[in-house]
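A short worksheet on the structure shown next.
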Amino acid sequence: MVSAYDEHKEWEADLVQWANSKTAGEMEEVKGIGPITAARIIAARPHASIDTIDEVKGIGPKTIHKILAWIIRQEEREEH
C-alpha cells in the first residue's frame, strides 16, 4: 500500500515518537494544534505510523507537515 506520506518516511519514526510521547502542552507548541486536537492525538495512542496519526480528527496533510517542520527545527536546535 502506498502512503500519501511516503516522501516523509525518513521522519516517520520521529513523528510517531512525538505523537506517542508528547504532552498536550508540548503538542500545542506546533502552530495549528490546540487543546482539542492534542487531546485527540493522545486519546488515539498508541500510533504506529504517519497514517494512524492522519486518521485523528483535525489532522491532515497540512498539520502533518507542520508537525514535521517543528520536529526538524527542534533537532536542528539540539545539534547547535
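The values are calculated or read from the model by the stated rules, or taken from the named source; none is laboratory data. Just so you know, these numbers come straight off a predicted model, no measurement behind them. Ligands, DNA and RNA are stripped out before the accessible areas are found, and what is left, the full protein with its side chains, is counted by its heavy atoms. Shrake-Rupley method; radii C 1.70, N 1.55, O 1.52, S 1.80 Å.
For the reader, a short list of remarks on this structure follows.
- For segment 41-80, the Cα-based Rg and Dmax, in that order, read 11.8, 35 Å.
- Rounded accessible area per residue of the chain, 1.4 Å, Å²: 62 Å²
- Cross-link partners of LYS62 among lysines (Cα-Cα below 17 Å; sequence separation of 8 or more within a chain): LYS9, LYS31
- Recomputing semi-axes √(5λ) of the Cα gyration tensor in Å from the coordinates shown identifies the correct label among (1) 21, 16, 10; (2) 17, 17, 11; (3) 25, 14, 10 as (2).
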